Amino acid sequence: MRAAILREYGEPLAVRDVPDPEPASDGAVVRVEACGVCRSDWHAWAGHGEWADDRVPRGQVLGHEPAGEVVAVGDEVDRFGPGDRVVVPFSLGDGSCPHCRRGAGNVCENGRALGFEPAAQGAFAERVAVPAADYNLVERPPWLGATAAAALGCRYMTAYHALAERAGVGGGDAVAVHGCGGVGLSAVQIAAALGARVIAVDIDDDALALATESGADATVNPTDEGGGSRSVPERVRDRTDGGADVSLDALGIADTCRNSVRSLRPRGTHVQVGLTTEAERGEVSLPTDWMTRWEISFIGSRGMPPTSYPDLFALIEATNVDPGALVTDELSLSEVSARLAVMDEYEARGVEVVTDL
């Protein structure tokens with residue numbers, strides 16, 4: 001099968017033939033119909049994560065947002081068989097640790113990260129192996145096509161878990177989203193579907209236009225001279241009558257993280273989704289005295305456990321939100337390297353999905 005392999009950090013991926021994967025006794029092999037291209041792929045391609053002992057090794061098949069069809073299963077798999085239409089979460093749990101048993105497989109003690117480690121080769125490939133298939137695979141509803149499902153695969157479900165499950169966003173809440181790439185736009189759409197008033201923050205007017213189309217009630221461009229000398233937090237507080245109830249950093253740089261925290265009202269909640277870059281190396285200084293004075297909560301959020309997919313599907317059906325509307329480009333496998341390269345300059349728009357493998 002064809003696969004896109006990380007050979008050197010920051011260099012084009014090598015698209016070449018590799019052996020087809022075989023299912024483990026408890027696993028499955030999925031024929032990939034679509035796979036999203038995400039900023040997390042960019043972090044891996046750029047060689048980030050060394051500071052957290054989380055650098056993706058050379059030789060890895062990248063890609064962690066697949067949707068497709070099961071083609072083979074191991075003899076211990078009961079719930080799935082060839083022909084089943086599925087989504088594959090990138091946070092792969094073993095299904096048996098205490099966290100998995102409590103419905104938090106995204107922080108499994110023995111978990112694997114699809115596309116980021118040798119034991120879980122990724123889905124920029126024609127086929128992908130999935131361990132603990134009965135726990136990790138998610139049946140795809142008849143109304144959900146592969147391209148839209150790939151858009152759900154990381155960014156959308158990450159935004160859902162962050163807002164609905166970690167921060168408990170509800171009707172009438174004011175939610176600020178800092179960074180309107182794929183996960184940020186997903187957060188805008190989901191927050192609006194949950195009944196929140198959404199303020200989108202980005203330095204790119206095209207990204208803010210997409211955010212408005214996705215449900216944002218107001219936007220803030222930090223570089224807009226119309227804002228005068230007022231800071232991002234001041235402008236968010238103006239639009240939320242005193243500050244956001246929940247503020248999400250979807251980008252991960254120091255400025256967006258601190259702006260998100262400072263945009264909150266007393267007892268507000270900051271949600272960190274974006275991962276840091278070489279500039280921060282995993283560390284961002286915060287106004288801790290101010291956070292203590294106003295009882296600000298700071299929480300991290302990573303992916304989403306597979307057990308949460310039914311709730312996400314129910315929200316999509318009930319509100320008619322369209323994750324497929326966030327897909328701006330469909331790519332071939334050979335185009336992935338070029339799209340990763342432009343993420344360094346924040347030139348990617350919306351969600352891009354590989355559909356020609």
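Since every read-out is calculated from the coordinates, none of them should be taken as a lab result. Computed from a predicted structure; not experimentally measured. Note that each Cβ is placed from the backbone with ideal geometry, even for glycine, and that neighbours are counted across all protein chains shown.
Observations
- Trypsin sites (Lys or Arg not before Pro) within the stretch 1-53: DSSP coil, no more than 13 neighbouring Cβ in 10 Å: Arg7
- For the chain, the relative contact order works out to 19 percent when only alpha carbon pairs closer than 8 Å and six or more residues apart are counted.
- Tensor-based shape of the stretch 51-125 (alpha-carbon gyration tensor, a/c under 1.5 rounded, otherwise prolate or oblate): oblate
- Shown for Thr219, Thr158, Thr288: other C-beta atoms within 10 Å of each C-beta, ranked fewest to most, produce the order Thr288, Thr219, Thr158.
- Between the stretch 252-282 and the stretch 69-96, the Cα center-to-center distance that results, in Å: 35
- Using the Cβ-Cβ distance between Leu286 and Val107 with R0 = 30 Å, the FRET efficiency computed as 1/(1 + (r/R0)^6) comes to roughly 0.85.
- Reducing the stretch 136-208 and the stretch 210-250 to their Cα centroids gives an inter-centroid distance of 17 Å.
- Prolate/oblate/rounded label for the stretch 222-267 (Cα gyration tensor, a/c 1.5): oblate
- GluC sites (Glu not before Pro), loop per DSSP, at most 13 other Cβ atoms within 10 Å - longest free stretch of the chain: 110-277
- Theoretical ellipticity at 222 nm over the chain - DSSP helices of four or more residues, -39500 (n - 2.57) apiece, nearest 500: -6500 deg cm²/dmol
- Sequence of Thr328, Thr277, Thr147 once ranked by neighbouring C-beta atoms within 10 Å, starting from the fewest: Thr328, Thr277, Thr147
- Global geometry of the stretch 168-300, whether rounded, prolate or oblate, following the gyration tensor of its Cα atoms and the 1.5 cut on a/c: rounded
- Amide H to amide H distances under 5 Å link Gly63 with Ala123, Phe124, where only residues 5 or more positions off or on other chains count and H is placed in the peptide plane.
- Among the trypsin sites (Lys or Arg not before Pro) in the stretch 74-128, those placed in a DSSP loop whose Cβ has at most 13 other Cβ atoms within 10 Å are Arg79, Arg102.
- Kirkwood hydrodynamic radius (C-alpha pairs) into Stokes-Einstein, the chain, 20 °C and 1.002 mPa s, D in µm²/s: 105
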